[in-house]
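K.L.:
Mind having a look at this structure? Questions to follow.
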Amino acid sequence: MRILIFGAGGIGRYLIRELNNKGHEIAIMDMDEDVCRELSEQYDVLALKGDVTNMDDLAAADIATFDLVISVISKDEANILACLIAKELGVKRTIARIGDPRMAKIAEKLGITDTLCPELTAAEKVLRLIKEEFPIEGAIPVGVKIVDLKVAKNSLVAGRRIIDLPLITDWLIIKVKKNGTTLRPDPNHILEPDQRVTMIVKEESLDRIRAFFEESV
């Protein structure tokens, strides 16, 4: 299958690696020429410099020849627009990354029915694990912990939105405390130093996740 990926962030790079390994013909489009060059050399894929929300750039890439377009840049609106343009130019199937579930409803009304929400995917997997291993409501199964971590000043997560955190499918943020106030973990919330984050975590990944919140050397 010929697949064109918009965006070279964490999710984009993950998809490039995994889909390339499965034998698909992969191309990537990003506005950063240096990033395009790096990905082309690292993964042996076609890297196209361009604005994914610009119809002229997409038309020049001859995207109608691709079987699938996946847009995973950081802004929901841009992903929706990119997929709409791709459909207009003849692409039969598109997938858009949507961080805000409310935007997914808007995308569906516009005809973008295939969406990817990393946060919801992670939540579903963790909750499925809890139900399968210990279906009694209110109990925590073996292998799963609820932990409370403080965001360190120079940590990997400080200053980043929840939606942009490392893509790990075995943890789920359930609340954030800021100045004594408990906040709903909105995907666009920026984690700040000294905030406390409560999450459900698979025990086997606890050390790795804890390291994200500690001071970076």
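K.L.:
Just to be sure, is C83 out of contact with any Ser or Thr (no Cβ under 6 Å at 6 or more places or on another chain) and either among the hydrophobic types (A, V, I, L, M, F, W, C) or more than 25 Å from R160 (Cα to Cα) (or both)?
P.N.:
No, not satisfied.
K.L.:
Hey, can you tell me all the residues within segment 21-65 that are farther than 25 Å from K87 by Cβ and of a type in the set (V, I, T)?
P.N.:
Passing the criteria: only V35.
K.L.:
Let me ask you something else. In this structure, does I11 turn out to be part of a helix (DSSP H, G or I), of a type in the set (V, I, T) and in contact (Cβ under 8 Å) with a residue 40 or more places away in the chain?
P.N.:
Considered against the rule, which asks whether it is part of a helix (DSSP H, G or I), of a type in the set (V, I, T) and in contact (Cβ under 8 Å) with a residue 40 or more places away in the chain, I11 comes out as yes.
K.L.:
Being surrounded by 13 or more Cβ atoms within 10 Å (Cβ to Cβ) and among the charged types (D, E, K, R) is the filter; apply it to segment 146-166 and report the residue that is modelled with the highest pLDDT.
P.N.:
Here the answer is K150.
K.L.:
Which numbered condition in (1) under 15 Å from the mean Cα position of the chain (by Cα); (2) closer than 20 Å to V91 by Cβ; (3) free of Cβ contacts under 8 Å to residues at least 60 places away in the same chain is the only one that N20 fails?
P.N.:
For N20, the failing item is (1).
K.L.:
Evaluate the following for P135: is it surrounded by 13 or more Cβ atoms within 10 Å (Cβ to Cβ) and modelled with pLDDT under 80?
P.N.:
So P135 fails the test.
K.L.:
Shifting gears a bit: Scan segment 57-71 residue by residue and report those that are surrounded by 15 or more Cβ atoms within 10 Å (Cβ to Cβ), out of contact with any Leu (no Cβ under 7 Å at 6 or more places or on another chain) and among the hydrophobic types (A, V, I, L, M, F, W, C).
P.N.:
Within segment 57-71, just L68 meets the criteria.
K.L.:
Separate question: Could you please find all residues in segment 175-217 being in contact with a helix residue (DSSP H, G or I) (Cβ under 9 Å, 6 or more places away or on another chain) and either surrounded by 13 or more Cβ atoms within 10 Å (Cβ to Cβ) or over 22 Å from G10 (Cβ atoms) (or both)?
P.N.:
V176, P185, D186, P187, H189, I190, L191, V197, M199, I200, V201, K202
K.L.:
Could you grab me the full set of residues in segment 40-52 that are more than 15 Å from H24 (Cβ to Cβ), out of contact with any Asp or Glu (no Cβ under 6 Å at 6 or more places or on another chain), surrounded by 15 or more Cβ atoms within 10 Å (Cβ to Cβ) and not hydroxyl-bearing (S, T, Y)?
P.N.:
A47, L48, V52
K.L.:
Then there is this: What is the number of the single condition among (1) outside any strand (DSSP E or B); (2) touching a helix residue (DSSP H, G or I) at 6+ places or on another chain (Cβ under 9 Å) that D34 does not meet?
P.N.:
(2)
K.L.:
Mind listing whichever residues of segment 73-85 are touching a residue at least 40 places away in the same chain (Cβ under 8 Å), among the hydrophobic types (A, V, I, L, M, F, W, C) and surrounded by 24 or more Cβ atoms within 10 Å (Cβ to Cβ)?
P.N.:
Scanning segment 73-85 gives a single hit, A82.
K.L.:
Of the numbered conditions (1) crowded, with 16+ Cβ neighbours inside 10 Å; (2) modelled with pLDDT of 80 or more, D170 satisfies every one except a single condition; which is it?
P.N.:
Single failed check for D170: (2).
K.L.:
Given the options G99, G90, name the one that is part of a loop (DSSP other than H, G, I, E, B), at pLDDT below 90, touching a helix residue (DSSP H, G or I) at 6+ places or on another chain (Cβ under 7 Å) and more than 17 Å from R13 (Cβ to Cβ).
P.N.:
Result: G99 is the single residue among G99, G90 that is part of a loop (DSSP other than H, G, I, E, B), at pLDDT below 90, touching a helix residue (DSSP H, G or I) at 6+ places or on another chain (Cβ under 7 Å) and more than 17 Å from R13 (Cβ to Cβ).
K.L.:
Restricting to segment 188-207, what's the tally of residues that are free of Cβ contacts under 8 Å to residues at least 60 places away in the same chain, over 25 Å from R97 (Cα atoms) and charged (D, E, K, R)?
P.N.:
3
The values are calculated or read from the model by the stated rules, or taken from the named source; none is laboratory data. In this text the structure is predicted, and so the values were computed from the model without any measurement. A quick note on method: Cβ atoms are made from the backbone with ideal geometry, for glycine too, and the neighbour counts reach across all protein chains shown.
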